[in-house]
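The values are calculated or read from the model by the stated rules, or taken from the named source; none is laboratory data. On a predicted model such as this, the values are computed, not experimentally measured, just so you know. With ideal geometry, Cβ positions are generated from the backbone for all residues, glycine too; neighbour counts draw on all protein chains shown.
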Amino acid sequence: MTEENSMARTEFFIPEIKNECDMRAALIGELVKTRKERGISRERLEQLSGVRQPVIARMENGGPSPQIDTVLKVLAPLGKTLAVVSVEQTEAAAGLEAPAEPYLGQQVPELA
């Protein structure tokens, strides 16, 4: 995909959805980075976490969003966990744009 096509595709996402995708990518990216830094294969991570290797592969390759308990099971043997922090704090740390208004509990506008 060319850079021009990639940029055109991101125009279809409202900022809130794009930010959620960016945060998910950052989480999975950190998981993969930590696994590789520690020299743990997906097969070994399956043994350590109890999460099957194909599920780990789908998670790492951007498949369907995993359940939170699955993410926690995979993170634990890597010495990681999840934390609940303010959206503003997370977005500022990740360099993401903050929404003009909070969007939790609001319906996502339909795309035209």
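Okay, residues lined up against (1) touching an Asp or Glu at 6+ places or on another chain (Cβ under 9 Å); (2) modelled with pLDDT of 75 or more; (3) in a helix (DSSP H, G or I); (4) not β-branched (Val, Ile, Thr):
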site	(1), (2), (3), (4)
Ser6	no, no, yes, yes
Met23	yes, yes, yes, yes
Gln47	no, yes, yes, yes
Gly62	no, yes, no, yes
Ala76	no, yes, yes, yes
Glu97	yes, no, no, yes
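Of the residues in the range 41-62, how many are under 12 Å from Ala76 (Cβ atoms) and more than 18 Å from the chain's Cα centre (by Cα)? Going through the range 41-62 one residue at a time, the tally reaches 4. Of note, Val51 does not satisfy the criterion of being assigned to a helix (DSSP H, G or I) and either at pLDDT 95 or above or touching a strand residue (DSSP E or B) at 6+ places or on another chain (Cβ under 9 Å) (or both).
For Ala83, the conditions (1) modelled with pLDDT of 95 or more; (2) among the hydrophobic types (A, V, I, L, M, F, W, C); (3) outside any helix (DSSP H, G or I) are fulfilled apart from (1). When restricted to residues that are over 13 Å from Val32 (Cβ atoms) and either surrounded by 16 or more Cβ atoms within 10 Å (Cβ to Cβ) or not small (Gly, Ala, Ser) (or both), the range 46-92 contains 27.
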